[in-house]
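The values are calculated or read from the model by the stated rules, or taken from the named source; none is laboratory data. As the structure is a computational prediction, the values presented were derived from the model and not from experiment. With ideal geometry, Cβ positions are generated from the backbone for all residues, glycine too; neighbour counts draw on all protein chains shown.
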Amino acid sequence: MVSSLIQYTLAIVLLLSFGFLGIVNAQPDIPFERSLFGNDEEAFKEAYRELQKGESQFKLGVYSKALNHLLIANEFNPDNAELNLKIGQCYLVSSDKLKSKSYFEKVLQLNPNINPSIHLFLGRSYHLEMNWTKALEQYEKFITLATLDDQERINLARKRIEECNLGIFLIQSPINVKIDALPTPVNTKWAEYHPLISADESVLYFTSRRENTTGGKRDPNFDVYYEDIYTTTNKSGKWSEPSSIGSNVNTIEHDATVGLSPDGQQLFIYKDDGGNGNIYFCELDGDTWSRPAKLNKNINSEFNESTACFSYDGMTIYFVSNRIGGFGQNDIYVSKKDENGEWGVAKNLGASINTIYNEDAVFMHPDGKTLYFSSEGHNTMGGYDIQKSIYNKLSDSWSTPKNLGYPINSPDDDVFFVLAASGERGYYSSIKPEGQGEKDIYMITFPSENDKPELTLLKGKIVDKKTGQPVEAKIEVVDNALNEIVANAKSNKLTGEYLVSLPSGRDYGITVTADGYFFHSENINIPEATPYFELSNDISLSKIGVGKSIVLNFIYFDYDKAVLKDESIIELERVLNLMNSNPKLNIEIAGHTDDKGTIEYNIRLSEERARAVVNWLMEHNIEKARMTSKGYGFSKPIDNNETDEGRAKNRRTEFTVLEYESTISALNETDVELTQQTPAIAIEETPIFEPDITPIQESKEKDTRIVEKNIPDGLLVSIEGV
């Protein structure tokens, strides 16, 4: 993708160039006429040829090539107003925008009455170097001199005045951040932009136009190398040597980064498709990205779709399109996956986000509610400024976008902002005078006292318990209150690593499944407004085998009864999936109690509870011949009965494998046993805390096993099933 931002900028230049016929020629403005250079005819011919080549490329919009020719012509005749004007315009759309100023100033020296548009151009040059007074003066002159039928550019000048006034205001109260260019080898003399990071900042993907691009060719329309996608990993705070994402993704055409899932295993990319830009999807299989698959017609249209991003759960896509029916040229749209996993009909985010100008470079934070994007229309100090808006689920509305402030934003385009899950660091693309290339990638470090995002990052590795080898497993996240799936993820088959983002304010049920393994389930309850922290769970999976058993941690009964509570449904459905995925699996459901009460009472109660589970499975089409039930009372404790915690562990429902034959056609819904490590909370410049374990009190409401983890700074997260 030669960014839609660049294309739009070029279009603006063409618009502003309109009407330069009939330029008034007067000394000292020296025209390119042979009679004026009679003493050096050969030099004149060469300069005139360069002038013609430059003007031809200028008309085609290939400004980098035009500039080379025009500069040669300018060496021969530096006192031609129209030539200086074209050189200034070429610089104004390059990475050396500030060089335009001297050429525009020269135009006014040579011919003050050349055309009112010179004041709009020179105003922009002053604007870019934050010379607010001179910029305002030039914009006002343009408005005064422009004709009434030039209303579109008059409106542009008025908007530029508003931008200058906001710039004056913002630089008086700069925000407290540190901005550093990523070092070599990430940034080079070429263009690097649109950074994408995994939620934990372990991997970075970005777009670059380098000489080693696939095929090594340049785009003839813009005289730049075709775009490729590169990746680098963060090793002890240092970025590794970037490498190509691979031949499955990078082609001889434009291939550009668009959006990355929080776990870094799903990717949206942009492909130019002959000028009709579209969004494609790729998935990481070990260390190899799949071939891009074009998104459906609800996302991609006959118009241009330039950027997109994932929601934290992968169930929603936010994307940018210039399709008909929007508020401006580029608008932000949203689409959700339907029950078949297909993207549904897209909806415009509305007037609170989109303006009559352009919105682009959209990014949804892993907290699930904070949207970042670049806008020309909201309060901006020039070009695209990065904005932030927060979604209110109760009112189904977006807050008024807020400018991130100076020095993050500048008078030039500031785009492609992404923020780590921790909220401590952000990354974006910008053109700065001190940069290495046309565009560079910068890291923004926010002060530690800033409010933290409200989410928990659950991460770790999944391995085979016996061999220690990585296992590719599915992770399903359920909202326990709503009994609905809110996210799906998987571990990497080569490393076993996984990562799940859990926004605060929900009680989550986590299920991990892999072919041929027992399942594991746990609950993570994250109170409203809980600030960012990490939970580390390294998971060991045990294979299904005859004689092996697992505890069903989330089977609940009313006190002194054998009636299944509604909260048991999610766990029962996990057992149901296991049985359906393994048709040659026969099991025993066993009930166990603590030693409170008589032997007879506990045998009867445990038998009735085990039978209730079998009956539920039979009601859901599991054959009775595949299951038996038995109550053991307190004859098989797994802990002592001297403490509340020990008795809580002994009150349990188990199933044991009686017969099993692996099935090749298993649906990858098979189940796993997890050995969970004590969660560690990662806080910058703070030692790792081992949470205190508080023994629970017996509940008369349900037979349960809950361990509370006391998190530093007064946070409280309850985790079940440990």
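The residue of the stretch 392-447 that is surrounded by the fewest Cβ atoms within 10 Å (Cβ to Cβ), among those that are among the hydrophobic types (A, V, I, L, M, F, W, C) and over 17 Å from the mean Cα position of the chain (by Cα), is LEU394. For the stretch 612-629, give me each residue that is buried (at least 17 other Cβ atoms within 10 Å of the Cβ) and in a helix (DSSP H, G or I). ALA612, VAL613, VAL614, TRP616, LEU617, ARG626 - these are the residues of the stretch 612-629 that are buried (at least 17 other Cβ atoms within 10 Å of the Cβ) and in a helix (DSSP H, G or I). Reported count of residues in the stretch 279-337, each being closer than 16 Å to ASP360 by Cβ and touching a Gly at 6+ places or on another chain (Cβ under 7 Å), is 6. Counting only strands (runs of 3 or more DSSP E) that fall entirely inside the stretch 499-591 and contain at least 1 residues that are farther than 25 Å from GLY423 by Cα and touching a residue at least 40 places away in the same chain (Cβ under 8 Å), the qualifying elements are 506-513, 520-526, 539-541, 549-552. In the set (1) at pLDDT 95 or above; (2) assigned by TED's automatic domain parsing to the domain that holds ASN300, the condition left unmet by LYS238 is number (1).
Would you say ILE356 is part of a loop (DSSP other than H, G, I, E, B), farther than 30 Å from GLU528 by Cα, among the aliphatic types (A, V, I, L, M) and out of contact with any Asp or Glu (no Cβ under 8 Å at 6 or more places or on another chain)? Considered against the rule, which asks whether it is part of a loop (DSSP other than H, G, I, E, B), farther than 30 Å from GLU528 by Cα, among the aliphatic types (A, V, I, L, M) and out of contact with any Asp or Glu (no Cβ under 8 Å at 6 or more places or on another chain), ILE356 comes out as yes. Of the set (1) surrounded by 17 or more Cβ atoms within 10 Å (Cβ to Cβ); (2) of a type outside the set (Phe, Trp, Tyr); (3) in contact (Cβ under 8 Å) with a residue 40 or more places away in the chain, all apply to SER389 but (3).
Can ASN80 be described as more than 24 Å from GLU438 (Cβ to Cβ) and surrounded by 16 or more Cβ atoms within 10 Å (Cβ to Cβ)? Considered against the rule, which asks whether it is more than 24 Å from GLU438 (Cβ to Cβ) and surrounded by 16 or more Cβ atoms within 10 Å (Cβ to Cβ), ASN80 comes out as yes. Here SER422, SER410, SER395 are screened, and the one residue that is part of a loop (DSSP other than H, G, I, E, B), of a type outside the set (A, V, I, L, M, F, W, C) and under 23 Å from ASN525 (Cα atoms) is SER422. Checking LEU21, LEU71, LEU36 one by one, the residue that is at pLDDT 95 or above, closer than 22 Å to ASN111 by Cβ, assigned by TED's automatic domain parsing to the domain that holds SER117 and among the aliphatic types (A, V, I, L, M) is LEU71 and no other.
Does the stretch 582-604 include one or more residues that are of a type in the set (Gly, Ala, Ser) and farther than 30 Å from GLU642 by Cβ? Looking through the stretch 582-604, none of the residues is of a type in the set (Gly, Ala, Ser) and farther than 30 Å from GLU642 by Cβ. Against the definition (among the polar types (S, T, N, Q), modelled with pLDDT of 95 or more, touching a helix residue (DSSP H, G or I) at 6+ places or on another chain (Cβ under 9 Å) and not in a loop (DSSP other than H, G, I, E, B)), how does SER389 come out, yes or no? No, not satisfied. Taking the criterion of being among the aliphatic types (A, V, I, L, M), crowded, with 23+ Cβ neighbours inside 10 Å and part of a strand (DSSP E or B), the only residue of the stretch 198-224 that qualifies is LEU204. Looking only at the stretch 370-386, residues that are outside any strand (DSSP E or B), among the small types (Gly, Ala, Ser) and under 14 Å from ILE353 (Cβ atoms) come to 1 in all. For the stretch 276-297, residues that are surrounded by 13 or more Cβ atoms within 10 Å (Cβ to Cβ), over 18 Å from the mean Cα position of the chain (by Cα) and outside any loop (DSSP other than H, G, I, E, B) total 3. Can you confirm whether ALA47 is in contact (Cβ under 8 Å) with a residue 12 or more places away in the chain, farther than 30 Å from TYR225 by Cβ and buried (at least 16 other Cβ atoms within 10 Å of the Cβ)? No, not satisfied.
No other residue among ALA612, ALA529 is modelled with pLDDT under 95 and under 26 Å from ALA481 (Cβ atoms) apart from ALA529. Restricting attention to the stretch 318-328, the residues being surrounded by fewer than 24 Cβ atoms within 10 Å (Cβ to Cβ), touching a strand residue (DSSP E or B) at 6+ places or on another chain (Cβ under 9 Å) and not small (Gly, Ala, Ser) number 4. Which of (1) farther than 22 Å from SER410 by Cα; (2) assigned to a strand (DSSP E or B) does PRO195 not meet, given it meets every other one? All conditions are met except number (1). Name the residues in the stretch 62-86 that are under 44 Å from the mean Cα position of the chain (by Cα) and of a type in the set (Val, Ile, Thr), would you? Within the stretch 62-86, just VAL62 meets the criteria.
For the stretch 630-658, the set of residues classified as basic (Lys, Arg) and not in a strand (DSSP E or B) consists of LYS636, ARG647, LYS649, ARG651, listed by residue number. Of the numbered criteria (1) of a type in the set (A, V, I, L, M, F, W, C); (2) in a strand (DSSP E or B); (3) over 19 Å from the mean Cα position of the chain (by Cα), the one VAL258 fails is (3).
When ASP273, ASP331 are checked against the criterion of being at pLDDT below 95 and over 30 Å from PRO470 (Cα atoms), a single residue qualifies: ASP273.
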